[in-house]
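The values are calculated or read from the model by the stated rules, or taken from the named source; none is laboratory data. Bear in mind that the values here come from a model prediction, so they are computed numbers and not experimental data. Cβ coordinates were reconstructed from backbone atoms using ideal geometry, including for glycine residues, and neighbour counts include every protein chain displayed. SASA here: full protein model, heavy atoms, side chains in, ligands and nucleic acids out. Shrake-Rupley method; radii C 1.70, N 1.55, O 1.52, S 1.80 Å.
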Amino acid sequence: MRKTVLTIVAAAAVGLFGAGFYGLVLREEPVATGELVEALLEEADENKLTEVFAGYVPIEAGLEQQAAVLIANGFRCGVRPSNVEGSRYLTCDRPNEGTGYCRGFQFFSYQTKAGEIIEVLGSAFDGERHRNILGRCENFRQNFFELADDLDNLELAAEP
């Protein structure tokens, strides 16, 4: 009887530890999915990702309007000042679910002091070589969570 109770307690402890480990370490935060993300996942040619973004993101609009579309599709975004006075750029990241934050999509848009968007780039990222022992790319994960998931917190400090 005593052995049975100890076995049950040990099994429960292992189960609780496993659930806690999954919840705190392995679990990925769910991100929104929309038509843009579905189109990006379907595009096999990485050289065409900017074109795919252009079909959904208002490229000629301001950075905040671009960010609104991207945030609705599960991206997190930030606006930083550029090296040219008065100019700034939008950077947005979205990891693909189930990749441990190691693969996903990025979007960049550069706006001049006059408000003109002069460059836009959509790309995929693959950080598989940075995967840690737990199967995650911690640097990509940290960068993702430093970006804003709403329009009220877009402004970021200049990069060092």
(request) Select from segment 146-155 the residues that are touching a Lys or Arg at 6+ places or on another chain (Cβ under 7 Å) and open to solvent by 40 Å² or more (accessible area, probe 1.4 Å) and list them in ascending order. (result) Asp149
(message) As an exercise: evaluate Val25 against (1) among the hydrophobic types (A, V, I, L, M, F, W, C); (2) surrounded by fewer than 12 Cβ atoms within 10 Å (Cβ to Cβ); (3) modelled with pLDDT of 95 or more and give the number of the one condition it does not meet.
(response) (3)
(message) List pairs: first residue in segment 149-160 and more than 16 Å from Gln66 (Cβ to Cβ), second residue modelled with pLDDT of 85 or more and open to solvent by less than 90 Å² (accessible area, probe 1.4 Å) anywhere in the structure, Cβ distance under 7 angstrom, at least six positions apart or on different chains.
(response) Ala158/Arg80; Ala158/Pro81; Glu159/Arg80
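For every residue, the table says whether it meets (1) among the aromatic types (Phe, Trp, Tyr); (2) touching an Asp or Glu at 6+ places or on another chain (Cβ under 8 Å); (3) touching a residue at least 40 places away in the same chain (Cβ under 8 Å); (4) surrounded by fewer than 18 Cβ atoms within 10 Å (Cβ to Cβ).
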position	(1), (2), (3), (4)
Gly62	no, no, yes, yes
Asn83	no, no, no, yes
Asp93	no, no, yes, no
Tyr101	yes, yes, yes, no
(message) I'm trying to understand the selection: among the residues of segment 103-140, which are open to solvent by 60 Å² or more (accessible area, probe 1.4 Å), at pLDDT 90 or above and not in a strand (DSSP E or B)?
(response) Lys113, Ala114, Glu116
(message) Yes or no: segment 37-48 includes at least one residue that is without any contact (Cβ under 8 Å) to a residue 40 or more places away in the chain, closer than 20 Å to Tyr89 by Cβ and either open to solvent by less than 50 Å² (accessible area, probe 1.4 Å) or out of contact with any Phe, Trp or Tyr (no Cβ under 6 Å at 6 or more places or on another chain) (or both).
(response) no
(message) Being part of a helix (DSSP H, G or I) and among the acidic types (Asp, Glu) is the filter here; which residues of segment 32-77 pass it?
(response) Glu35, Glu38, Glu42, Glu46, Glu51, Glu64
